[in-house]
Each structure stands twice: as structure tokens, then as C-alpha cells.
1. Just need a number here: residues in region 156-196 that are open to solvent by 60 Å² or more (accessible area, probe 1.4 Å) and either more than 21 Å from the chain's Cα centre (by Cα) or under 15 Å from LYS142 (Cα atoms) (or both).
2. Sort through ALA60, ALA111 and tell me the only one that's buried (at least 18 other Cβ atoms within 10 Å of the Cβ), touching a Pro at 6+ places or on another chain (Cβ under 9 Å), among the small types (Gly, Ala, Ser) and modelled with pLDDT of 95 or more.
3. Test SER54 against the criterion of being in a helix (DSSP H, G or I) and polar (S, T, N, Q), and give yes or no.
4. Of everything in region 12-38, what is surrounded by 15 or more Cβ atoms within 10 Å (Cβ to Cβ) and either over 20 Å from ASP2 (Cα atoms) or over 24 Å from the mean Cα position of the chain (by Cα) (or both)? Give them in sequence order.
5. Enumerate the pairs (first residue in region 163-186 and farther than 22 Å from LEU132 by Cα; second residue anywhere and surrounded by fewer than 18 Cβ atoms within 10 Å (Cβ to Cβ)) with beta-carbon separation below 6 Å, excluding pairs fewer than 6 apart on the same chain, so at least 6 apart or on different chains.
6. Quick check on GLY133: is it open to solvent by less than 20 Å² (accessible area, probe 1.4 Å) and under 15 Å from the mean Cα position of the chain (by Cα)?
7. Under 6 Å between Cβ atoms, at least 6 apart or on separate chains: pull out the pairs that start in region 120-131 with a residue that is under 17 Å from PRO89 (Cβ atoms) and end on any residue that is small (Gly, Ala, Ser) and modelled with pLDDT of 95 or more.
8. Can you tell me which residues in region 67-102 are of a type in the set (Ser, Thr, Tyr) and either free of Cβ contacts under 8 Å to residues at least 12 places away in the same chain or within 26 Å of VAL37 (Cβ to Cβ) (or both)?
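The values are calculated or read from the model by the stated rules, or taken from the named source; none is laboratory data. Only a predicted model underlies this, so the values are computations on that prediction, with no experimental measurement involved. So basically every Cβ, Gly included, is an ideal-geometry build from the backbone, and we count neighbours across all protein chains shown. Side chains included, ligands, DNA and RNA excluded: accessible areas come from the protein's heavy atoms. Shrake-Rupley method; radii C 1.70, N 1.55, O 1.52, S 1.80 Å.
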Amino acid sequence: LDQKKYEEALVVINGLLKGAPNSPEINHLGGIAYYGVKDNEEAIKHFEKVTPQSRFYRDAVVHVAFIYQDQEKNEEAIKFLKSSIEKDPKNADFKYYLGTFYEEAEDFENAARYIKQAIDLEPDNPRYYFRLGVVYDKWNKKEASMETMRKVIALDPKHANALNYLGYTYADMGKNLDEAERLIKEALKYKPNDGYITDSLGWVYYKKGQFDKALKYLK
């Protein structure tokens with residue numbers, strides 16, 4: 001599997017499964033191998049045999065959810081994640097991913113609800129706050145989005161995406177432009193070749209009326 005020789009891996013794994021057909025660990029390997037050969041139906045069958053007691057349960061659930069996403073079966077992904085949460089209610093990642101699927105469905109109320117539940121379980125996880133800030137932004141709750149991005153930066157001062165998001169939002173609103181410039185330049189320290197962040201800096205200079213600088217960064 002490490003060498004991505006999935007066909008060869010399946011010969012071994014299927015042999016193992018003959019002796020231990022219900023082993024969560026071997027079924028987890030089977031799921032990865034079938035996912036590798038793009039047999040998603042077989043991959044799901046094996047991942048679903050990984051029990052909540054297994055240390056591979058989280059990985060198996062996330063794999064199934066993203067297989068459904070790849071198949072554009074968002075409703076199935078949501079249903080599956082809900083059933084997984086019932087089996088493991090303390091798993092913050094399951095609630096986080098469920099929130100992202102609701103976000104994709106543009107059900108921002110449920111997206112925020114489940115991501116907040118993930119935050120309740122892991123209150124110092126900047127990734128969860130960042131996603132919540134993005135949801136608020138898509139939901140046209142700009143102030144809540146900015147406040148959440150500030151929380152991300154407080155937890156992780158080097159979070160380039162949050163620095164850029166807050167800076168760009170200020171620029172887009174035409175306010176706090178000096179602070180916007182500072183935030184975006186800080187973001188560029190950590191992602192110096194990022195096109196999105198470079199674009200944001202150009203947008204700040206445009207809003208400031210510094211058009212030569214704006215053109216330099218936008219180009």
C-alpha cells in the first residue's frame with residue numbers, strides 16, 4: 001500500500017480476509033486498496049466493517065464520506081456521517097466534516113451548528129474556527145466571520161489563510177486598510193508564493209488608490 005501497488009496489495013489482503021473476514025484492521029486495509037484501484041463500492045463495503053472500537057474507525061468514516069462527495073452524493077454523505085456520530089458522539093472531526101457537507105449544500109445554519117459542536121469538543125482547534133468563519137462569510141454574516149477569523153489568529157498567529165481572509169474582508173469593505181495591508185503582508189511571510197494572498201495585497205493597494213502598487217501585485 002505504501003508503494004501504491006494496490007492490485008498486489010489486494011491479493012494479500014483478500015487472502016487475509018478469508019481467515020479473518022470481520023477484522024476491522026484488515027477491512028480498513030481492504031478499503032484503502034479498493035479506493036486505490038477506484039472501486040468505490042467495494043471500498044465502502046470494507047470501510048463500513050471497521051468498528052468504532054478500532055483505531056482506524058475515524059479514517060474509515062472520513063474515507064467513506066469523501067467517496068460519497070466524489071460521487072456527488074452529498075445527502076448520502078450527510079446521512080452516513082450522522083450515523084457515525086451516533087456511534088461515536090465525542091468525535092469532533094465527524095461533526096466538523098458533517099458541517100462542511102452542509103456548507104457544500106448551502107445549508108449554512110446546519111453547517112455552523114455542527115462545526116460549533118466540533119469546537120465545543122476541541123475549543124482550541126484553529127481549523128474548526130477557520131471553517132466556521134468561512135461559513136459565516138458565505139452566510140453574509142461578515143461581522144461574525146471577522147470575529148471568528150480573529151479567534152483563529154489568536155490561536156495560531158501564523159495561520160496564513162485566516163490572516164489573508166480577515167485582511168481581504170477589510171479591503172473588500174473598504175475599511176481598516178492599513179490593518180488589512182499588515183495582515184496580508186504577515187500572511188505572505190508564511191505563504192510567499194500564494195496567488196490568492198498576493199491578489200489580496202493588490203486589492204488593498206487598489207482600495208488605497210495606490211494603483212501602480214496594485215498593478216504590480218495583481219500582475
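1. 12
2. Going through ALA60, ALA111 in turn, the sole match is ALA60.
3. Here the answer is no, as SER54 does not meet what is asked.
4. Hits for region 12-38 are ILE13, LEU16, LEU17, SER23, PRO24, ILE26, ASN27, GLY30.
5. LEU177/LYS208
6. yes
7. Once the first residue is under 17 Å from PRO89 (Cβ atoms) and sits in region 120-131, its partners that are small (Gly, Ala, Ser) and modelled with pLDDT of 95 or more give LEU121/ALA92; GLU122/ALA92; TYR128/ALA118.
8. TYR68, SER83, SER84, TYR97, listed by residue number.
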